[in-house]
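Have a look at the structure below, then the notes.
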Amino acid sequence: MKTYEMDLCSGSLWKKILLYSVPLMFSNILQVLFNMSDIAVVGKFAGPIALGAVGSTSILVTLFTGLIIGLAGGVNALTALHIGSKNDKDLRETVHTAVILCFSTGMLIMVLGVTFAHTILAAMHTKSELISDAVLYLRIYLLGMPALGLYNFGSAVLSAAGDTKRPLYYLLFSGIINVLLNLYFVILCRWDVAGVAAASVISQYLSAALILAVLFRSQEAFALRIQHIKLYHDKMRRILKIGLPAAFQNGLFAIANLFVQASVNSFDHVIVEGNSAATNADPLVYDMMAAFYTACSSFIAQNLGARKKERIVKSYMVCLTYSFLIGLIIGVGIYLFRYPFLSLFTNDHAVVEAGIHRLSVMALSYSVSAFMDCSIAASRGLGRSLLPTVIVILGSCVFRIIWIYTVFAFWGTIQSLYLLYVFSWSITAVAEILYFIAVYKKTLPA
């Protein structure tokens with residue numbers, strides 16, 4: 001019988017981390033491409049009003065999904081810890097508590113979001129001609145939040161066991177269904193924003209059903225069983241201890257980026273459009289690098305459970321090396337192909353040149369973020385999440401706002417604005433690395 005799980009506590013870390021991370025990289029990139037396809041379909045076949053309506057909800061969608069993904073990070077770390085320690089009782093209780101937490105979080109976001117969609121979008125000063133379609137899109141899209149919670153729960157559990165392939169297969173299948181339904185609902189049914197949102201909801205429930213089916217059929221210790229689904233309060237506290245700070249961090253990043261966008265908006269429309277085109281590189285780079293952060297947390301947590309001290313440090317160093325290199329290679333690669341890349345999003349030469357301003361700064365900057373994010377993932381693998389979140393909020397959120405009102409206010413150039421990323425990542429990385437070293441020494445004394 002074919003096994004998809006991987007033993008993270010033995011064998012070559014260079015090989016196993018790469019084998020573990022590659023499916024995650026493809027999963028992350030597929031999500032980016034499928035999201036782009038949603039925008040492309042609605043923009044191409046439903047018109048500019050529909051496109052603007054969907055675009056006006058993007059920050060909220062990022063915020064809500066970030067909360068679920070952050071919580072799933074806590075599930076991943078704690079599940080991996082118990083797999084490594086071979087504590088089947090704690091593992092079973094963690095998994096069955098986590099499924100309730102993730103589903104309940106999705107339900108809560110759905111109910112609050114649907115109820116207050118119009119109020120929130122109005123508070124964001126959504127344009128009057130867009131708000132009706134934006135509210136409709138957001139309310140339908142949020143119906144899929146419980147499914148998104150369940151999919152991320154299942155993906156967190158399987159990846160903690162070393163299985164990153166099946167979540168990729170299910171995401172690929174459901175993503176293809178999403179694209180086909182987009183075309184059917186928008187072109188043939190003429191549902192416009194409602195069609196794109198409905199397609200997303202259906203694909204989310206499909207991916208959730210597929211991953212839950214695997215967990216219910218599994219014979220491993222992390223398998224789901226109806227009779228065991230209940231809240232174990234000690235496990236709930238431990239999951240929330242790791243997952244809530246990560247969720248909170250994701251939300252604050254979205255808010256901090258609003259200040260950056262407001263500063264970009266102070267320039268003329270060519271700079272704004274060029275920035276918008278160039279930022280399409282961000283998810284491609286970040287999401288590829290993020291695969292190694294998930295690997296870092298999983299490998300460290302499993303080896304912490306197994307008390308394999310030497311593999312914890314080496315896992316961190318290997319993941320840091322891989323994430324740094326992938327950020328450098330892709331960042332520089334996009335810059336080298338800057339003209340064809342930016343031409344995918346605009347035909348205006350002036351906008352392309354404006355986009356190059358951002359790519360020229362970010363090309364070498366992306367890789368620096370690896371030192372920050374990999375160190376955060378390592379600390380979470382050791383079960384520490386609150387202080388790393390406080391550090392990253394101070395270093396990469398508060399610092400950016402201070403930079404905007406000091407350095408950027410003094411120089412006033414777009415390049416001085418873009419430089420805030422590498423400087424904020426650098427100072428945060430130093431603090432995060434020092435914290436990881438201190439926690440490692442305290443958790444596993446010599």
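The values are calculated or read from the model by the stated rules, or taken from the named source; none is laboratory data. Remember, predicted model here, so these are calculated numbers, not experimental data. Here the Cβ is made from the backbone with ideal geometry for all residues, glycine too, and neighbour counts use every protein chain on show. SASA here: full protein model, heavy atoms, side chains in, ligands and nucleic acids out. Shrake-Rupley method; radii C 1.70, N 1.55, O 1.52, S 1.80 Å.
A few notes on this one:
- Relative to one another, the C-alpha centroids of region 102-154 and region 39-74 are positioned 10 Å apart.
- Cα centroid of region 310-365 to Cα centroid of region 371-446, whole Å: 20
- Taking the Cα centre of region 199-307 as origin and assigning +1 to Lys and Arg Cβ atoms and -1 to Asp and Glu Cβ atoms, the resulting dipole is close to 920 debye.
- Take every pair of alpha-carbon atoms less than 8 Å apart whose residues are at least six positions apart; their mean separation over the length of region 198-338 yields a relative contact order of 15 percent.
- Average accessible area per residue (Å²) across region 101-227 - probe 1.4 Å, nucleic acids and ligands excluded: 43
- Three principal axis extents describe the C-alpha atoms of region 354-395; from largest down they are 42, 18, 10 Å.
- Base-10 log of normalised Debye intensity for region 204-329 (one unit scatterer per alpha-carbon) at q = 0.20 Å⁻¹: -1.31
- Across Lys44/Lys127; Lys16/Lys230; Lys235/Lys441; Lys15/Lys314; Lys15/Lys442; Lys89/Lys314, pairs whose alpha-carbon gap is larger than 23 Å: Lys16/Lys230; Lys235/Lys441; Lys15/Lys442; Lys89/Lys314
- Phi to ³J(HN,Hα) by Karplus 6.51 cos²θ - 1.76 cosθ + 1.60 over region 41-52, Hz, x for Gly, Pro: 5, 5, x, 7, 10, 10, x, x, 5, 5, 4, x
- For the chain, the Cβ-based charge dipole about the Cα centre amounts to some 1640 debye (Lys, Arg positive; Asp, Glu negative; other atoms uncharged).
- Judged by the gyration tensor of its Cα atoms, with axes a ≥ b ≥ c, region 291-446 is oblate; a/c meets the 1.5 cut and b/c is at least as large as a/b.
- Gaussian network model of the chain, springs between alpha carbon atoms under 10 Å - residue of Ile326, Ile187, Ile376 with greatest fluctuation: Ile187
- Carbon plus sulfur fraction of accessible area for region 367-446, probe 1.4 Å, in percent: 78
- Selection from Ala53, Tyr435, Met124 lying farthest towards where the dipole of the chain points positive, charges on Cβ: Tyr435
- Length-normalised contact order of the chain in % [C-alpha pairs under 8 Å, at least 6 apart]: 22
- Within the listed set Asn182, Asn265, Asn152, the residue fluctuating most in the Gaussian network model of the chain (springs between alpha-carbon atoms under 10 angstrom) is Asn265.
- Dipole of the chain, positive direction: furthest Cα of Phe64, Phe153, Met36, with charges on the beta-carbon: Phe153
- Neighbours of Ile100, meaning other residues whose beta-carbon lies under 13 angstrom from its beta-carbon, give a summed charge of +1 when Lys and Arg score +1 and Asp and Glu score -1.
- Residues considered: Ser128, Ser155, Ser424. Largest GNM mean-square fluctuation over the chain, using C-alpha springs under 10 Å, is found at Ser128.
- Working from label points 7 Å from Cα in the Cα-to-Cβ sense, the Leu387 to Tyr405 distance is 2.9 nm.
- Exposed-loop-free span, longest in the chain, where trypsin sites (Lys or Arg not before Pro) count as exposed if DSSP calls them loop and at most 13 other C-beta atoms lie within 10 Å: 308-446
- Listed values [x] 22.5, 72; [y] 21.5, 66; [z] 21.0, 70, entry calculated as Rg and Dmax of the Cα atoms in Å: [y]
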